[in-house]
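One structure is given below, encoded as structure tokens.
Bear in mind that the values in this text are calculations on the coordinates, not laboratory data. In this text the structure is predicted, and so the values were computed from the model without any measurement. Cβ coordinates were reconstructed from backbone atoms using ideal geometry, including for glycine residues, and neighbour counts include every protein chain displayed.
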Amino acid sequence: MSKSDQHSFSSVISVNPYKDTFVNGVSSFLSESKNPEFSKDQFAISYLNTKEFINAQIEISKNIPDEDLYDAINSKAYDELALDQAVEYQIQYIETFNNLDEDNRHFHVFIVDPLEVTQTFTTVVEKIKYLDVIIPTPLLLKSLYSKEIIDSSGVHCFIYFQENDAFITIYGDKEFIYTKSIKYSLLEMHERFCELYGERIEYNTFIDFYTNHSLKETDSEYKEYFIKLYKELFANINDVLTYAKRAFDIEKIEHVYIGSQLETITKLDEMLAVELHIKASEFNFDYGFESEKVYVDQLHALMHTYTTISEYERYECNFSVYHRPPAFIKRESGKLILLTAASFALAFIYPITYWFLNYSQVIHQDLLQQEYREVHNIKITRQSTIRNKEADKVKALALLEEEKLEYTNKKNTLIKIHDVKVNYPMKAKLLATLTKDLNRFGVKMESLSYHESNNTKTFDLDLVSSKDRKITKLVEYLTKIHEKVFKFELEEITYDEEIKVYFSQLKVNIL
């Protein structure tokens, strides 16, 4: 907890909502809680997996005042990211400082569907009632710099594998730059391993080998296929890092930290360093906590570290909708009760005894008559209200079913959009592949264009060569090598007598 929270809470509980695990922290000791319960003296913190939210960068004019900043970011996020206007997304942001831009402020925006939050944390809230903080996973890493667990500057990459998610996060000069969820969670690794192995094995068997066997020492029949799996994983990581370096103008990644929710004997950092030629270490830091277990899930440790630093040293990006109610005297109902009590106390001070003795019978009769009329009117009104509410209930249930159907349709559309975005091939990588083949056969490219129609993505390459045979050999080679990636069309080769060269247009359709 931050210094300001230490007076209010005596312990911290961190929550993994995806595996329903809880870790209690008292002072500097961490212990797993099997049956957590609500305690008003307990600070509760949890996180959102990277695949649960949308992350983007947005620029806002410096002319917009701070009081209008949230509305401006909210509006721009809906417009630039084509968000569904019918969904009221939860939007949080952190500011980055770009000294080169004198006109705009720059923000990292995190966007969450509120239904995802509800579905993820329903079981958790049933057990511990409130969640003080729900933070995107990548922002927890800021704690490593705030606590000086990592005290070096430069660009660092963090890779972490969980059972149902895996993420890559990049920090530069101790500030968040980029994050991406990759399809190599432990569950997805298991599925891919079974494909490579050609036979389905139990998930528990896969996890046992993953955690308890070293690829350097084992002679297991699984060894060859785990090596293939890791090579695919490192190739995917390399693609993401290549994109990030280009997109964020990163010259060099100084260090990579790689680890997983489960401890593994195989040194993933050593394998990554060999494959990608980047200095690497295990994602397993000394947070200064004592624990009943030798190995603690790093996200639990990061959450407890997050609560020990001040709000000025960490990222404030809270998606929790399960906040504690204010203190009794700060609630409107509490103020009303206190005011009423004070009014009664003052009222009894006045000398009303004599008046009460003389008129008590008359007043009592009047009050009873008045009460009867009021109760009778209330009864009639409530009976009418109940009938109206029952009719409204029927209409509301019908409307609810329509909204559920509409939500399902929109959710499916978003899933399709997300799938296209994630699986969309990188044009730069495809062009790099084609350029290497052009250079191999001595064929030059005069111009390039790209267009899409009827779900067909096509590159038009205007080729120039000193010999027409070079072009035909190139096309023959491309057709053979990239048969399942591209479809090539070459209609004609023309010869320019004046400059003594051959021209042709090659159409490359991406399959």
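The set of residues from the range 293-324 being surrounded by 14 or more Cβ atoms within 10 Å (Cβ to Cβ) and of a type in the set (Val, Ile, Thr) comprises VAL296, THR305, THR307, THR308, ILE309. The listed residues are ILE265, ILE253, and the only one of them that is touching a strand residue (DSSP E or B) at 6+ places or on another chain (Cβ under 7 Å) and among the β-branched types (Val, Ile, Thr) turns out to be ILE253. A Cβ distance below 6 Å, combined with a sequence gap of six or more or placement on separate chains, defines the contacts here; from the range 132-146, residues that are within 17 Å of THR179 (Cα to Cα) reach residues that are assigned to a helix (DSSP H, G or I) and polar (S, T, N, Q) in the pairs THR137/THR50; SER143/THR305. Filtering the range 274-321 to residues that are in a loop (DSSP other than H, G, I, E, B), small (Gly, Ala, Ser) and more than 14 Å from LEU30 (Cα to Cα) leaves SER310, SER320.
For VAL124, the conditions (1) part of a helix (DSSP H, G or I); (2) within 16 Å of the chain's Cα centre (by Cα); (3) touching a residue at least 24 places away in the same chain (Cβ under 8 Å) are fulfilled apart from (2).
Looking at the range 129-224, what helices (runs of 4 or more DSSP H) fall wholly within it and have at least 1 residues that are more than 22 Å from MET303 (Cβ to Cβ)?
Details: elements: 137-140, 142-146, 186-197, 203-212.
In the range 129-224, the matching helices (runs of 4 or more DSSP H) lie at 186-197, 203-212.
No other residue among THR479, THR494 is loosely packed, with under 13 Cβ neighbours inside 10 Å and among the polar types (S, T, N, Q) apart from THR494. For the range 195-221, the tally of residues that are surrounded by 15 or more Cβ atoms within 10 Å (Cβ to Cβ), farther than 29 Å from CYS157 by Cα and not β-branched (Val, Ile, Thr) stands at 1.
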